[in-house]
1. Can you list residues whose amide H is under 5 Å from residue 289's amide H, if they're 5+ apart or on another chain and H is modeled 1.01 Å from N?
2. In what order do 217, 106 fall by count of nearby beta-carbon atoms within 10 Å, going from fewest to most?
3. May I ask for the distance between the Cα centers of the stretch 261-307 and the stretch 111-188, given as a whole number of Å?
4. Could you point to the residue in 284, 269, 340 farthest towards the positive end of the stretch 218-357's charge dipole, with +1 and -1 charges on the Cβ of Lys/Arg and Asp/Glu respectively?
5. Return one number: the angle in degrees, 0 to 90 and rounded to the nearest 10, between the long axis of the Cα atoms of helix 87-97 and the longest principal axis of the Cα atoms of the chain.
6. Suppose only helical runs count, i.e. DSSP H with n ≥ 4. What mean residue ellipticity at 222 nm does that imply for the chain under -39500 (n - 2.57) per run, divided by all residues and rounded to the nearest 500 deg cm²/dmol?
7. With +1 on the Cβ of every Lys and Arg and -1 on the Cβ of every Asp and Glu, and nothing else charged, how large is the dipole of the chain about its Cα centre, in debye rounded to the nearest 20?
8. Among 170, 319, 217, flag the residue with its Cα farthest along the positive direction of the charge dipole of the chain, charges on Cβ as +1 for Lys/Arg and -1 for Asp/Glu.
Amino acid sequence: MERPERRLPVAFLLLLPLLSVSCVSNPRTIVSWCVLSDAEEQKCLDLAGNATSQNIRGTLQCVRGLNTRDCIDKIKNGTADAASMTADDIYAAGLCHGLELAAGESHNRVDGISYYVVAMARRSSSDLSLLEMHERSSCHPGIRTTVGWTVPIGYLVNTSQISVGEQCNFPRAVGNFFGYSCVPGVKDPRHDPRGNNPKNLCEACIGDENDRHICASNHRERHYGEAGALRCVAENLGDVAFVKHTTVFDNLDGKNQESWALDLELEDLKLLCPDGTEAGLDEYERCHLAAVPANAVVVRMEDKCRVWKYLERLQNVFGNATEGFSLFSSAGYGESDLLFSDATHHLQRVLGSYTSWLGPTYTTMLQAFECEGFC
């Protein structure tokens, strides 16, 4: 005899959308957090001890990882449950291992955005356009950095200004595109094992006061980092600098006592927009190459709810603490941005996929590099 078809009650079906948003976790849950340094491990242990003393439901365990990719492997195989990661690592964790996000950082009340990557130029450069950068000179904070490489080169690839070809040789393609540049670290053996990365990618670099360490991937190269890239343009050695939207403000009004910064004024600079127009320095929300997502907590898909509920309980007690343990402060540990970025205002739940957190623009930037092999 054929069994009658079992149907779910209509009331239950109406509740399904709500059940997918709300979640209930085991109050005695254990969350294993992957940490990468002695300082981060100590903060994790202190958080665990404080959580126990405050009778917060659940238990935090601290698991040491060798590096971020090792933490990804540990989360995938279940020897760790969670870790906070940057946008590029979130992309690799999701694309290569099917991992997802439980929570993300909110900075200065701007949900999910860490900073904007902008293209900055001297206002006197009237013939510049991001749509026609061929043979112009460029200043980058460093090779393989989000600000100095992933975003600007991804933009140039996605707008068909640069083609990497079947060999997927980004340094060669970038060297052929720009007239000369400063990309600190591009000639380091780690990034140039065969020694054939283009020399013109270092021609806008100046090294130290004794003309040594030219193009070095550290501050001995005076055009290294965001401030260095800004200096490169300020000193007229580059046409455009790829920097964070905060870079110029971080180096004005006496915040940087170097002569090049003391001579710099806001009206000397402008932003170049992706549509070929230009804008003022305060218009970065509409004139940027990418909004870089804030860090987020990587987990297995089945643990999205469980880890979020535990983080929510921790945040309710330690998130805005003015005394005692503070979830979003690394003061006293000798390092910054431990467990979470120190700039975090609060954690927010991530309901969607990891690509929804990264956003379409940033995801597209990363896709330009897939031929290099993320996995």
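Readers should treat all values here as calculations from the given coordinates under stated rules, not as data from a laboratory. Computed from a predicted structure; not experimentally measured. Counting neighbours? That spans all protein chains shown, and the Cβs are built from the backbone with ideal geometry, glycine included.
1. 117, 118, 119
2. Working: 217 21, 106 18.
The fewest-first ordering by Cβ neighbours comes to 106, 217.
3. The stretch 261-307 and the stretch 111-188 have Cα centres separated by 15 Å.
4. It is 340, whose Cα lies furthest towards the positive end.
5. 50
6. -8500 deg cm²/dmol
7. Dipole of the chain, to the nearest 20 debye: 1540 debye.
8. Result: 319.
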